[in-house]
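Notes follow the structure.
The values are calculated or read from the model by the stated rules, or taken from the named source; none is laboratory data. Treat the numbers as computed from the prediction; the structure is a model and nothing was measured. Here the Cβ is made from the backbone with ideal geometry for all residues, glycine too, and neighbour counts use every protein chain on show. Side chains are part of the model used for accessible areas, which takes the heavy atoms of the whole protein and leaves out ligands, DNA and RNA. Shrake-Rupley method; radii C 1.70, N 1.55, O 1.52, S 1.80 Å.
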Amino acid sequence: MRGVTFLGERKLQLADFPDPTPGPGEVVIAIKASGMCGSDLKPYRASGGAAALGLGKVSGPVIAGHEPCGVVAAIGSGVSERAARVGERVMVHHYAGCGVCRHCQSGWTQMCAEGSVVYGVTGHGAHAPYMKVPAYTLVPLPESLSFATGAAISCGTGTAYAALRRMNVSGVHSIAIVGQGPVGLSATQLAAAMGARVIALDVSGERLSRAKEFGADALVDPTAGDPIAAIKALTHGAGADLSLDTSGMAEGRITAVRAVRPWGTACFVGEGGNVTLDVSPDLLRKQLTIIGSWTFSTIIQAECAAFVADRKIDVEHLFTHRWELAQAEEAYNLFDRQTSGKGVFLI
């Protein structure tokens with residue numbers, strides 16, 4: 001089979017790999033949809049590709065793609081029928097760990113005490129026709145959801161959902177969501193479905209327009225004036241109850257911190273980078289809570305899928321581009337500009 005590999009410095013190639021065969025405790029998934037995530041841009045851009053990110057040992061070219069969704073195609077020995085059935089529609093929790101530490105036992109394998117494999121970065125991912133994973137990484141895909149929706153839930157949308165659940169978002173809250181890329185748009189869509197009043201922030205007029213489509217009640221362009229003043233004007237001078245930074249940028253993070261009212265909560269999900277706080281006014285004297293939220297567990301991934309299915313949320317609306325694997329170079333060239341919506345490979 002052929003799979004997409006990141007060479008770094010904005011280069012990739014379609015390389016040949018053996019078709020995977022499941023070993024004990026493993027399954028092979030026939031990939032139907034593999035999402036493109038902002039996190040893909042790190043190995044895509046990095047000098048040296050995935051190996052340069054320091055997320056674990058990388059030996060040889062690695063198939064990219066960490067938003068897998070498809071159908072169980074083959075099952076190895078020792079896998080019970082309850083764990084996997086040929087033909088079953090599944091998502092993949094895109095990490096593997098030791099399986100026995102308390103983090104793995106609770107479905108948080110990315111936090112494994114022995115270190116984890118990150119599929120699409122340190123282990124072969126989903127930008128290929130087939131993917132081999134341990135059976136415990138599988139999360140059932142509800143029948144009413146498309147494979148593309150399942151791919152989104154497998155990282156970006158699931159990450160947004162987990163952050164909102166960490167903050168216990170409900171209809172009594174206003175929430176400022178900084179950044180309206182795929183994760184931010186997912187957060188806007190889900191927070192609106194949870195009943196919150198959403199204030200969406202982005203420097204892109206196109207992305208702000210999409211945020212309105214996804215349920216935002218108010219739009220703020222931080223380049224058009226003071227975003228904190230704008231948020232306070234929208235919240236009777238108090239500030240938002242909650243905020244979520246999906247940008248990973250210092251400016252976005254400090255905006256998220258300063259946007260919330262006293263006793264409020266700010267959450268960061270954007271990876272990498274730094275932020276500098278003026279501790280007394282930004283944190284202490286506001287009695288502020290700051291949360292870091294890193295993706296999700298297998299349990300929360302399944303909960304997110306059920307939430308989307310039960311409320312008939314149109315997650316697939318996130319996708320502005322659908323690609324074939326042969327178009328990978330064009331797809332990532334466009335995605336790298338970060339002006340478009342989310343892309344997905346349909347296989």
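For this structure, a couple of remarks:
- Hits in region 286-310 - residues which are out of contact with any strand residue (DSSP E or B) (no Cβ under 8 Å at 6 or more places or on another chain) and either more than 28 Å from THR109 (Cα to Cα) or aliphatic (A, V, I, L, M) (or both): ILE299, ILE300, ALA306, VAL308, ALA309
- Residue count for region 122-144, restricted to those that are part of a loop (DSSP other than H, G, I, E, B) and open to solvent by 30 Å² or more (accessible area, probe 1.4 Å): 5
- Scan of region 319-336 for residues that are within 21 Å of the chain's Cα centre (by Cα) and hydrophobic (A, V, I, L, M, F, W, C), ordered by number: PHE319, TRP323, LEU325, ALA328, ALA331, LEU334, PHE335
Okay, residues lined up against (1) in contact with a strand residue (DSSP E or B) (Cβ under 8 Å, 6 or more places away or on another chain); (2) part of a helix (DSSP H, G or I); (3) open to solvent by 10 Å² or more (accessible area, probe 1.4 Å); (4) hydrophobic (A, V, I, L, M, F, W, C):
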| position | (1), (2), (3), (4) |
| --- | --- |
| LEU164 | yes, yes, no, yes |
| SER170 | no, no, yes, no |
| GLN180 | yes, no, no, no |
| GLY184 | yes, yes, no, no |
| ALA191 | yes, yes, no, yes |
| ILE199 | yes, no, no, yes |
| ARG207 | no, yes, yes, no |
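- Test result for ALA148, in a helix (DSSP H, G or I) and of a type in the set (Gly, Ala, Ser): yes
- Candidate set from region 209-226 (those that are in a helix (DSSP H, G or I), within 25 Å of PHE319 (Cβ to Cβ) and not aliphatic (A, V, I, L, M)); member that is least open to solvent (accessible area, probe 1.4 Å): ARG210
- Odd one out for TRP108, checked against (1) open to solvent by less than 60 Å² (accessible area, probe 1.4 Å); (2) touching a Ser or Thr at 6+ places or on another chain (Cβ under 9 Å): (1)
- Test: residue in region 64-72 that is open to solvent by 20 Å² or more (accessible area, probe 1.4 Å), modelled with pLDDT of 95 or more, among the small types (Gly, Ala, Ser) and in a loop (DSSP other than H, G, I, E, B): no
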